[in-house]
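Worksheet for the structure shown next.
Laboratory data are not the source of any read-out in this text; all were calculated from the coordinates shown. Worth saying up front: this structure is predicted, and the values here are computed from it rather than measured. FYI the Cβ positions are ideal-geometry reconstructions off the backbone, even for glycines, and counts take in every protein chain you see.
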Amino acid sequence: MVRFAVYTNEEKTAQRVSAFLRAWAEEICVELQLAMESGSPAALDADGCALLLVDSAGLARQDIACLQAVRAAYPDCGLVLLAEDDRTAIDVYQCHPNALVPKPVTYSGLDAAMERCFSFWQKGLGWLDLPAQHRRVHIPLYQLFYAEAAGRSSVLYRAGGALQVNCALSALEESLPQPPFLRVQKSFVVHLGAVRRVSGGELIMYNDKVISVARGRLRQVQEALAVYRRARGAEEG
């Protein structure tokens with residue numbers, strides 16, 4: 001598990017950042033503990049924190065000095081700056097942030113910042129540890145796009161290509177968080193983020209693979225996809 005702390009005195013910003021961080025953690029399969037802070041930066045608790053996300057709005061000179069002190073005291077804690085204009089970003093850059101998120105905060109902007117801060121939160125990643133022929137493979141969950149049954153084995157389709165493992169799909173499914181993973185028919189489990197679109201009763205995957213959805217599960221799949229995408233793609237609304 002990793003701990004993030006978000007500092008902002010704007011309720012709307014707090015709600016957006018909290019919602020997007022939880023959606024991001026679900027998508028990347030990170031076990032996340034999220035703390036929301038407000039008031040004076042002097043009260044910020046960065047102890048044991050992997051990332052500190054700070055809203056630059058309203059920060060005074062003494063507040064920036066507080067952030068600099070926090071950075072000095074907790075060098076292993078990353079800093080992500082939420083800034084609505086270049087001037088405030090330049091002022092707070094004295095604290096040497098690891099990433100910048102423009103305001104109003106969007107999911108895509110936050111996701112890009114998290115990618116730049118990978119080294120700070122990677123210890124919170126979920127992993128698969130599975131037998132494959134005469135060895136074991138260790139794969140981060142977020143790299144798995146979908147899995148296909150192959151008798152008593154399964155084929156994992158991931159960023160590095162296909163890999164057959166000595167694990168039945170039903171057993172593999174029990175190791176996968178739901179969401180973002182979903183069983184769509186007896187032979188396939190998919191990561192909702194790897195679905196490009198739905199066409200009739202079929203899923204068109206990121207690599208153009210077509211996966212049919214069991215008729216009895218189509219509504220469930222459609223609803224799960226709608227919820228998943230609304231949390232990430234409709235942030236402008």
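With K and R counted +1 and D and E -1, the other residues having a Cβ less than 14 Å from that of ALA73 yield a net charge of -2.
Distances between every pair of Cα atoms in region 83-211, grouped in 5 Å steps from 0 to the bin holding the largest one, split as 2, 9, 16, 18, 15, 11, 9, 8, 6, 4, 2, 0 percent.
Against the chain, whose longest principal axis is taken from its Cα atoms, helix 61-73 shows a tilt of about 50°.
Put simply, the C-alpha atoms of the chain give a gyration tensor, and the ellipsoid matching it has half-axes of 39, 20, 13 Å, longest first.
Kindly state, to the nearest 0.05, the FRET efficiency for SER38 paired with GLN220, given R0 = 30 Å and r defined as their beta-carbon distance. Show your work: numbers first, answer last.
Values: r = 39 Å, r/R0 = 1.29.
The formula returns an efficiency of 0.20 here.
The 3J(HN,Hα) values that the Karplus relation (6.51, -1.76, 1.60; θ = phi - 60°) gives for region 93-108 are, in residue order, 5, 4, 8, 6, x, 8, 7, 10, 10, x, 9, x, 5, 10, 5, 5 Hz. Gly and Pro appear as x. For GLY48, the shell of other residues with beta-carbons less than 11 Å away shows a net charge of -2, using +1 for Lys and Arg and -1 for Asp and Glu. When the Cα gyration tensor is reduced to axis lengths a ≥ b ≥ c, the ratio a/c is 1.5 or higher for region 11-60, and with a/b not above b/c it is classed as oblate. Geometric descriptor of region 166-234, per residue, is 93 Å³ (volume of the convex hull of the Cα atoms).
For the pair ARG22 and ALA65, how long in nm is the line joining their label points, each one 7 Å along Cα→Cβ? Each label point lies 7 Å from its Cα, and together they span 3.8 nm.
All other residues with a Cβ under 10 Å from the Cβ of GLY124 taken together, and with Lys, Arg as +1 and Asp, Glu as -1, what is their net charge? Local net charge: +1.
At an R0 of 45 angstrom, the distance between the Cβ atoms of ALA132 and TYR93 translates into a FRET efficiency of 0.45.
Taking a point 7 Å from the Cα of ALA150 along the Cα-to-Cβ direction, the residues of region 161-190 with backbone N closer than 13 Å to it are 161-169. Placing pseudo-labels 7 Å out from each Cα toward the beta carbon at ILE204 and ALA112 gives an inter-label distance of 2.6 nm. On a 0 to 90° scale, report how tilted helix 11-28 is relative to the longest principal axis of the chain, with both axes built from alpha carbons and the result rounded to the nearest 10. Helix 11-28 sits roughly 30 degrees off the main axis of the chain.
For the pair region 97-126 / region 69-85, the C-alpha centres are spaced 13 Å from each other. Along region 219-225 the Karplus relation, 6.51 cos²θ - 1.76 cosθ + 1.60 evaluated at θ = phi - 60°, assigns HN-Hα couplings of 5, 4, 5, 4, 5, 5, 5 Hz to successive residues, with x for each Gly and Pro. Peptide packing: for 153-161, 134-142, the average count of neighbouring Cβ atoms within 10 Å per residue gives the ranking 153-161, 134-142, highest mean first.
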